[in-house]
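Report on the following structure.
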Amino acid sequence: QVHLVESGGGSVQAGDSLRLSCRTSGMNFKIARMNWYRQAPGKQRDLVASISADGSTNYTDSVKGRFTISRNNAWNTVFLQMNSLKLEDTADYYCQTTWKSRNFWGQGTQVTVSS
C-alpha cells in the first residue's frame, strides 16, 4: 500500500518562500521518479517539477529559477523548495509517483500567495 503525504503548505505573501515535503511509504523510493503537480482553482492539474532516481530534475518554465525539487532517499521523502513565490503559484500541490504501473497521489497541500 503506497502512501504519499504532503506537508508544508500555507499562506504567504508574494516574494516569500515555502518548502513542501512529501513523505512516502509502501514503495522502493530510491528507484522511483517523483513528481510535484499543482492545480489552481478552475484549472487543470499541471506538472511542476520532477526528479529521477539518479537525481536528474525537470521544471515547468513558469517555476524555473524559483523552485527546486530534491530528494532524501534515507527519509523516503521528496521536497519542493519554492522561493520568490508569486500570486500565480497559488494552488493545491500534489506529490505523485508511479509504482508497479499504477499512479499514486498524495492528498495535496494548499499554497496561497497574496500581495
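Odds and ends about this structure:
- Near ASN103, once Lys and Arg are set to +1 and Asp and Glu to -1 for all other residues with Cβ below 13 Å from its Cβ, the sum equals +4.
- Portion, in percent, of the accessible area of region 8-78 that falls on carbon or sulfur, probe 1.4 Å: 43
- Karplus-derived 3J(HN,Hα), 6.51/-1.76/1.60, for each residue of region 27-42, Hz, glycine and proline x: 8, 8, 4, 5, 9, 9, 6, 10, 10, 10, 10, 9, 9, 7, x, x
- Whole-Hz ³J(HN,Hα) from phi, Karplus 6.51 cos²θ - 1.76 cosθ + 1.60, for region 95-109, glycine and proline x: 8, 9, 8, 10, 9, 6, 6, 10, 8, 10, 10, x, 7, x, 9
- Spatially, region 34-74 and region 1-20 are offset by 12 Å when compared through their Cα centroids.
- Rolling a 1.4 Å probe over the heavy atoms of the protein chains gives region 33-115 an accessible area of 55 Å² per residue.
- Lysine-lysine proximity count for the chain, Cα under 22 Å, sequence distance 8 or more or distinct chains: 4
The values are calculated or read from the model by the stated rules, or taken from the named source; none is laboratory data. For clarity, every value in this text was computed on a predicted model and none was experimentally measured. Ideal geometry is used to build each Cβ from the backbone, glycine not excepted, and the neighbour counts take in all protein chains shown. Keep in mind that these areas ignore ligands, DNA and RNA; they rest on the heavy atoms of the full protein, side chains included. Shrake-Rupley method; radii C 1.70, N 1.55, O 1.52, S 1.80 Å.
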